[in-house]
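Structure record follows, encoded as structure tokens.
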Amino acid sequence: MSEDFQGLHIIDAALPSDGGPVFSRLRIAPGSPHETGCRALVAQAASIARPRAAWRECRIDDRDAGSVTIDGTRLDGPLLAENLCDIEHALPFIATAGADVERWASGFSDMLERFWADEIAGLALEYAVAALMERLLEGADGKKISMMNPGSLPQWPIEGQVPLFTILEREAQSLGVSLGENMMMRPLKSISGIMYYSGSEFVNCSRCAREGCPKRRAPYRP
């Protein structure tokens, strides 16, 4: 479900009560002794979680070799300049699993349950991002949608969070997401970045040389 509230674009998602891919990620096979306990945690999380995302469409005002100016705010990073060189509009966004499910996940004393709960809360964030991408693809007109995130690659360092949150101040407040001096977001299960439409899809993983990453979405292309 999406809403347009006082100029804010917000979309609500949901964590599926069947857990989606969480069991395969945790390597819990059907019939495993751990299956019942994990399913109980998934059901709890699904009743608590409120994954949401907010975004805005912004014109790119200016750019040079190492930065772009969006909505009057300069964002430094050669990756931005490279990927947005021929793009007229950017879609800055914030997505979050929500504070409630994060508090729930941090409340377990048992190490294994706490690990499961953290993974389940992370999955709630993924569903918020997926719902946003699905919504934006409705207006893609055959184009691909790409995403960049400050701190994911050296070419757009984590300090890029500061100007991004300047652009998204109202959106962050509406979602209850804040940015600390250490560039960490609260709730921790939150993500910010810029999406944009283009003829080919960009994936952060294609520029990341980290080996053995379980969440890799594209091969490394230096």
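If each DSSP helix of 4+ residues adds -39,500 (n - 2.57) and the sum is divided by the residues in the chain, what number results at 222 nm, nearest 500 deg cm²/dmol?
Values: 7 runs with 72 residues, N = 222.
Rounded to the nearest 500, it is -9500 deg cm²/dmol.
Could you work out the local net charge near GLU113, counting Lys and Arg as +1, Asp and Glu as -1, over the other residues with Cβ closer than 14 Å to its Cβ? Walk me through the intermediate numbers first.
Details: positive: ARG39, ARG114; negative: GLU35, ASP110, ASP118, GLU119.
Residues close to GLU113 contribute a combined charge of -2.
If I take every Cα pair under 8 Å that is 6 or more residues apart in the chain, average their sequence separation and divide by the length, what percent do I get for the relative contact order?
22
Of the GluC sites (Glu not before Pro) in segment 20-88, which ones lie in a loop per DSSP and count no more than 15 other C-beta atoms within 10 Å? If you can, show how the numbers build up before the last one.
Values: sites: GLU35, GLU57, GLU82, GLU88; in loops: GLU57, GLU88.
Hits after loop and neighbour filter: GLU57, GLU88.
Could you list HIS34, HIS9 in order of exposure, starting from the residue whose Cβ has the fewest other Cβ atoms within 10 Å?
Lowest to highest Cβ neighbour count: HIS34, HIS9.
Starting from the 7 Å offset along Cα-to-Cβ, what nm value, one decimal, do you get for the label separation of MET184 and LYS143?
It works out to 3.7 nm between the two label points.
Using a cut-off of 13 Å between beta-carbons, work out the net charge of the residues near ARG27 (Lys and Arg +1, Asp and Glu -1, ARG27 not included).
-1
Which is the longest part of the chain that has none of the chymotrypsin sites (Phe, Trp or Tyr not before Pro) sitting in a DSSP loop with at most 16 other Cβ atoms within 10 Å?
On the way: sites that count: PHE108, TYR220.
Between exposed loop sites, the widest span is 109-219.
Note down the nm distance, to one decimal, between modelled labels 7 Å out along Cα→Cβ at GLU211 and at ALA130.
Computed distance between label sites GLU211 and ALA130 equals 3.1 nm.
Under a plain spin-label model, where a point goes 7 Å from the Cα along Cα-to-Cβ, how far apart in nm are GLU57 and GLU113?
Simple spin-label model gives 4.7 nm for this pair.
Quick one: angle between helix 111-137 and the longest Cα principal axis of the chain, in degrees between 0 and 90, rounded to 10, please.
That works out to roughly 40 degrees.
As I understand it, the dipole of segment 2-207 uses +1 on the Cβ of Lys and Arg and -1 on the Cβ of Asp and Glu, about the Cα centre. Which of GLY77, ALA90, MET147 lies farthest toward its positive end?
The Cα lying farthest towards the positive end belongs to MET147.
Every number here is computed from the coordinates shown, using simple stated rules; none is lab data. All figures in this text were calculated on a predicted structure; none of them were measured in a lab. Every residue, glycine among them, receives a Cβ derived from its backbone with ideal geometry; neighbour counts consider all protein chains shown.
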